[in-house]
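Take a look at the structure set out below.
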Amino acid sequence: MRVIVTGATGRTGGEVAREVAERGHELVPVSREPAGTVAGADLRPAEDLPALLDAEGTVLIDFTVPVASADYIAQAAEAGTPAVIGTTGFDSEGTAALDAAAESIPLLKAANFARGVQALLNVVREAATALPGYDVELTETHHNGKRDAPSGTAKTLLDALDDARDEALDRTHGREGEDPREPGQVGVHVRRAGDVRGEHELMFADNDEVLTLAHRAESRGVFAAGAVDAAEWLPGHEAGWYEFGDVIGDGGD
Ligand SMILES: NC(=O)c1ccc[n+]([C@@H]2O[C@H](COP(=O)([O-])OP(=O)(O)OC[C@H]3O[C@@H](n4cnc5c(N)ncnc54)[C@H](OP(=O)(O)O)[C@@H]3O)[C@@H](O)[C@H]2O)c1
């Protein structure tokens, strides 16, 4: 398989590029400022992407920023190349651009490609159903270079909570001063420090008890492995949206 990686000079894209090469796929790393190599392959300029995409058996993996990602994915749609998106933090305009692309190519997006987070999502749904009315607070921690807050994973966990509770909880981002907890709130607390790969913790509390559900990524390799699993699984599927859970559910490893 031929795998184009946009954002290959980045923290996560670099790990993805190494994973692609280690699995024996043809790696095409792409950068806005190509100089040198990543995982033994020459960086290619982002402006050449349309020509690079124009090949059979190619998949794109994107770990960049929303504005760049929307542009790269639109080019993939134009070329008919399936794409895996790890980038987080899309606004409604970016999401609409991705929705348009999903009309012509298979598109798989996940805020977190760790298998443990997929399991956590299932457990959160179960806990939210089993513990109706319990107060919930979410805390997430990432490295000091992360741009979006709260993380895409935090939002996905909160969406799962809302779905299970069948109500949209009021997402309260930190508290300061006289600010008592109101019914229907979920507190969301964001920490940015050092090189923390990604930690998410949900606390359910009531009835003189506390249940804590937590996940910690210990290397970026876990995201890279999941993204490449998704890229190996995606080709051959119909145009439309897919989730990382589809890959795991289908034994895609
Ligand atoms: N889904 C998951 O499992 C998962 C896991 C970790 C991170 N993420 C997400 O992946 C994304 C990348 O995170 P990261 O920590 O790897 O970021 P990073 O180290 O800052 O790398 C981002 C890369 O994006 C490229 N880029 C293209 N256009 C850009 C622009 N306009 N501004 C800035 N950079 C641009 C840059 O490469 P060039 O300049 O060489 O083009 C840069 O190396 C984030 O949205 C993050 O939340 C997702």
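Values in this text are rule-based calculations from the coordinates and carry no lab data. Because the structure is a prediction, the values reported are computed rather than measured. Using ideal geometry, Cβ is built from the backbone for each residue, glycine included, and neighbour counts are taken over all protein chains shown.
Some notes on this structure:
- Relative to the dominant Cα principal axis of the chain, helix 92-101 is inclined by about 50°.
- With a simple spin-label model that places each label point 7 Å from the Cα along the Cα-to-Cβ direction, the separation between Asp162 and Arg11 comes to 2.6 nm.
- DSSP-loop GluC sites (Glu not before Pro) across segment 28-110, with at most 15 other Cβ within 10 angstrom: Glu56, Glu103
- Spatial extent of the chain: Rg and Dmax, with the Cα atoms as the point set, Å: 19.1, 62
- Cα-based helix-to-principal-axis angle, 66-79 vs the chain, degrees rounded to 10: 50 degrees
- For the chain, the longest principal axis of the C-alpha atoms and the axis of helix 221-233 are separated by about 60°.
- For segment 193-230, GluC sites (Glu not before Pro) meeting the loop criterion (DSSP other than H, G, I, E, B) and having at most 13 other Cβ atoms within 10 Å: Glu218.
- Put a plus charge on the Cβ of each Lys and Arg, a minus charge on the Cβ of each Asp and Glu, and nothing anywhere else: the dipole of the chain about its Cα centre is then about 840 debye.
- Given in Å, the Rg to one decimal and the Dmax to the nearest whole number for the Cα atoms of segment 90-168 are 14.7, 43.
- Cα pair distances exceeding 22 angstrom across segment 115-216, given as percent: 27 percent
- Positive-end extreme of charge dipole, the chain - chosen from Leu157, Gly40, Gly133 (charges on Cβ): Gly40
- Taken one residue at a time, the phi angles of segment 172-185 give Karplus couplings (6.51, -1.76, 1.60, θ = phi - 60°) of 9, 8, x, 9, 8, x, 6, 8, x, 5, 9, x, x, 8 Hz. Gly and Pro are set to x.
- The chain: most fluctuating residue of Thr139, Thr129, Thr88 per GNM, C-alpha cutoff 10 Å: Thr129
- Estimated purely from DSSP H runs of n ≥ 4, each contributing -39500 (n - 2.57), the mean residue ellipticity at 222 nm for the chain is -11000 deg cm²/dmol once divided by its residues.
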